[in-house]
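Asker: First, the structure itself, so that you have it in front of you.
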Amino acid sequence: MEANPKIPQHVTIIMDGNGRWAKSRGHERLVGHKEGAESVRACLELAVELKIKYLSLFAFSTENWGRPEQEIQGLWSLLLEYINKETPYMLENHVRFMVAGNVEQLPEYLRIAIRDVTEATAASDGTTLVLMLNYSGKWDIVQAANRFAQENPGRQMSWEDMDSYLATSGIPDPDLLIRTSGEERISNYMLWQTAYTEFYFTDILWPDFRKPEFRCALEAYSKRERRFGKL
Ligand code: FPP
């Protein structure tokens, strides 16, 4: 049976606005990230329910290293907590967990947790959750080009080669990109992979983006006409 074209196969989200959400309530930024982790859970649940094949989330960009050390460490702890807390849910619901990005620069305890949950869920055939961690679009294109050149001396690179050397290799390009918090930019995210992606921007801050808001985005997507440059 053909997949329902109204339901995107791959949804990617730039989760933005955690800091503003916290600030407007007089809290530290990390409180916003914590609440944002609840939105991650809610969106994953809906993706599972609707059988969305891939949900990828921009969790940490290569530019985020410029944030205060305390916030960065707080984000790593939160990610570890998320992985530990959500692994049973993932296993029960056939969610496959993956990470794409420059993982080598992450703290060892986090790399171990990522390796373990990736291995534990490798055979899951439901929704794949991809955390984009220490990722940027320019980093990805450059690492793909360099690796290709090293492994294929003297050969010209094709589009298909680029697809298979990117950190997202094996994952179809996103059908829908959602960015929360009113910012309407790609911010060095999946630059190559979003060539024909539909964009959906909302003013809602990430910690407030839950199932009803996700449904709204999917509803808007279902009304788009996609022509991929053809008539
Ligand atoms: C952007 O908001 C958000 C981030 C840089 C981090 C995203 C992290 C989470 C949602 C935490 C948990 C993630 C997982 C996968 C469990 P911002 O801090 O730039 O917000 P601002 O623009 O309002 O300052």
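Just so you know, all these numbers are worked out from the coordinates, no wet-lab data involved. Treat the numbers as computed from the prediction; the structure is a model and nothing was measured. Because the Cβ atoms are built from the backbone with ideal geometry, glycine has one as well, and the counts that use them run over all protein chains shown.
Asker: Normalise the Debye intensity by I(0) for segment 8-113, one equal point scatterer per Cα, no solvent, then take log10 at q = 0.14, 0.17, 0.18, 0.22 Å⁻¹ and round to two decimals.
Answerer: One equal scatterer on each Cα of segment 8-113 leads to -0.60, -0.90, -1.00, -1.41.
Asker: Just to be sure I understand: if I project the alpha-carbon convex hull of segment 80-158 onto a plane and average over all orientations, what area do I get in nm²?
Answerer: 6.6
Asker: Here's another thing I want to ask about it. Using amide H atoms built 1.01 Å from N in the peptide plane, name the residues 5+ places from A100, or on other chains, whose amide H lies under 5 Å from its own.
Answerer: Here L131, M132, L133 satisfy the definition.
Asker: Sticking with this one: Each residue of segment 200-205 in turn: what ³J(HN,Hα) in whole Hz from Karplus with 6.51, -1.76, 1.60 and θ = phi - 60°, glycine and Pro shown as x?
Answerer: After applying 6.51 cos²θ - 1.76 cosθ + 1.60, I find 9, 10, 9, 6, 4, 7 Hz.
Asker: Please list, in chain and number order, the residues 5+ apart from E198 or on another chain whose amide H is under 5 Å from its amide H, with Hs placed from the backbone.
Answerer: L176, L177
Asker: Could you check how many percent of all C-alpha pairs in segment 84-211 are farther apart than 26 Å?
Answerer: Of all Cα-Cα pairs in segment 84-211, 33 percent lie more than 26 Å apart.
Asker: Using only the Cα atoms, work out Rg/Rh for the chain, with Rh taken as the Kirkwood radius, to two decimals.
Answerer: Taking Rh as the inverse mean 1/r over Cα pairs, Rg/Rh reads 0.95.
Asker: Per-residue HN-Hα couplings for segment 153-164, Karplus 6.51 cos²θ - 1.76 cosθ + 1.60 at θ = phi - 60°, whole Hz, x for Gly and Pro?
Answerer: Result, rounded to whole Hz: x, x, 9, 6, 8, 9, 4, 5, 4, 4, 3, 7.
Asker: Okay, moving on. Treating the beta-carbon of each Lys and Arg as +1 and of each Asp and Glu as -1, no other charges, what is the dipole magnitude of the chain about its Cα centre, to the nearest 20 debye?
Answerer: The calculated dipole for the chain is roughly 460 debye.
Asker: Using Cα pairs under 8 angstrom and six or more residues apart, how large is the relative contact order of segment 140-231, in percent?
Answerer: It comes to 24 percent, rounded to a whole number.
Asker: If amide H atoms are built 1.01 Å from N in the plane of the peptide, which residues on other chains or at least 5 residues away come under 5 Å of the amide H of S56?
Answerer: Distant-sequence amide H within range of S56: V11, T12, I13, V130.
Asker: If you don't mind, there's one more thing I want to ask. Any idea what the relative contact order of the chain is, in percent, if you count C-alpha pairs under 8 Å spaced at least 6 apart?
Answerer: Relative contact order here is 29 percent.
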